[in-house]
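The structure under discussion appears below in the form of structure tokens.
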Amino acid sequence: MLLLVAAAWAAFPEDVSITQMDEFNGASTYLPDTTQAGSDYVVTGYQELVKELGVSIANKPMAPGESLGINGFYVGVANTFAFVRTGTTDGVHPTGWDLASEEEDPQTYLFIPWIQVRKGLPASLEVGANAGWIGRTSTGVLGVYGRWSVVEGYRRIPDVALQVGYAGYIGNDELELGVLDMSATVGYSLPFGVTQGINQAVFSPYVSVGVNQIHAAPRADLSKTDLEGRVTEVSSVKTDLDTYVAGFAPFQIGGGFRLTNGDFSSTIAATYSPDLIATVSVGFGFVY
């Protein structure tokens, strides 16, 4: 992870550019005979791009069902790999990632190194925050969340935690993007040790289900391009008929495990949003 963070490029070849979507391979992407927005591959590509980017930056299930406790504190680092879709989906038209890439040849994955902190509160509550950089770009992510372990500490039933959070995409002058996440996590902690009769470590597997509500809007001035009226604000909020687009509240399943030995903790987690993308996250930190 440190090697990934240290790999600094003079330019940022993977920056997402909305205005770049006006042309591809030297030709305009405007289709004058398009009669329905669904048949416009730029509209489709833009919407798929922001959905996949939203899922990529959303707060990840990096903790089991139990809380840290009233005096608990966690600080650590993590790295998320999000496997986005590039190339052509129909053999002809490029995806949104291809259209929004200055070099028109984006990577097939994003990597996002994070710094993470969590603090335990009374009544099995927690608050947490993440700060991440999207590799090979000038952009990043800031996320906050709250968790409540409604059931924890029982030997015969699993721990259950509920989480609500928000993650925002920062540093891009052409795109505004935010994700509200809501999830439930079920897990169980199993103490074990190499010395008979002494439990030196804790293994905590867990599964998670939830939804990511995504909102996105172009910030660039598109009035002098053929993108105006095609690349627009989109949202998962059904009450706003001007921006609501179906599919911007994708369901997500996930899971992983945490291994704690003394104060040191390591976590591996994965998520999958059907018909969208999968992510894998690896984290290391200290619990105090």
Can you pull the one-decimal nm distance between simple spin-label points at PHE203 and PHE284, each 7 Å off the Cα toward Cβ?
2.1 nm
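Could you give the size of the charge dipole of segment 162-245 about its Cα centre, using +1 on the Cβ of each K and R and -1 on the Cβ of each D and E, expressed in debye and rounded to the nearest 20?
Values: 4 positive and 10 negative charges, 101 e Å.
With Lys and Arg at +1 and Asp and Glu at -1, about 480 debye.
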So how tilted is helix 41-57 from the main axis of the chain? Cα-based, degrees 0 to 90, rounded to 10.
20 degrees
Segment 19-113 - Debye-derived log10 I(q)/I(0), Cα point model, q = 0.14, 0.19, 0.22 Å⁻¹:
-0.62, -0.92, -1.14
Choose one of VAL50, ALA270, THR239: the residue whose Cα lies farthest towards the positive end of the charge dipole of the chain (beta-carbon charges +1 Lys, Arg; -1 Asp, Glu; about the Cα centre).
ALA270
Computed over the chain, protein heavy atoms only, probe 1.4 angstrom, the accessible area per residue in square angstrom equals 49 Å²
For segment 143-288, alpha-carbon Rg relative to the globular expectation (2.2 N^0.38 Å, N residues):
1.39
Note: ARG219 to ARG155 extended length (0.36 nm per residue) minus current alpha-carbon separation gives 17.9 nm
For the chain, what does the relative contact order come out to in percent, with C-alpha contacts under 8 Å and a separation of six or more?
21 percent
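Which percent of the accessible area of the chain is formed by carbon and sulfur heavy atoms (probe 1.4 angstrom)?
Working: 8440 of 14050 Å².
The computed percentage sits at 60.
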If you consider only alpha-carbon coordinates, what radius of gyration and Dmax does the chain have, in Å?
20.8, 75
Computed over all unlike Cα pairs, the Kirkwood hydrodynamic radius of segment 72-160 in Å stands at 16.2 Å
So how much accessible area does SER138 have, in Å² to the nearest 10, using a 1.4 Å probe?
50 Å²
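Convex hull over the alpha-carbon atoms of segment 202-281: what's its volume per residue in Å³?
Values: hull volume 11.4 nm³, N = 80.
It is 142 Å³ per residue.
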Return the distance in nm (one decimal) between the two label points of a simple spin-label model at ASN71 and VAL127, each offset 7 Å from Cα along Cα→Cβ.
2.1 nm
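So how do 177-183, 22-28 stack up, highest first, on mean other-Cβ count within 10 Å? It would help to have the intermediate numbers written out before the result.
Details: 177-183: 21.9, 22-28: 12.3.
Ranking the peptides 177-183, 22-28 by packing returns 177-183, 22-28.
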How much accessible surface does VAL150 have with a 1.4 Å probe, in Å² rounded to 10?
60 Å²
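The values are calculated or read from the model by the stated rules, or taken from the named source; none is laboratory data. Predicted model only: the values in this text are computed from it and were never measured. Neighbour counts run over all protein chains shown; Cβ positions are idealised from the backbone, glycine included. With ligands, DNA and RNA removed, areas are computed over all heavy atoms of the protein, side chains included. Shrake-Rupley method; radii C 1.70, N 1.55, O 1.52, S 1.80 Å.
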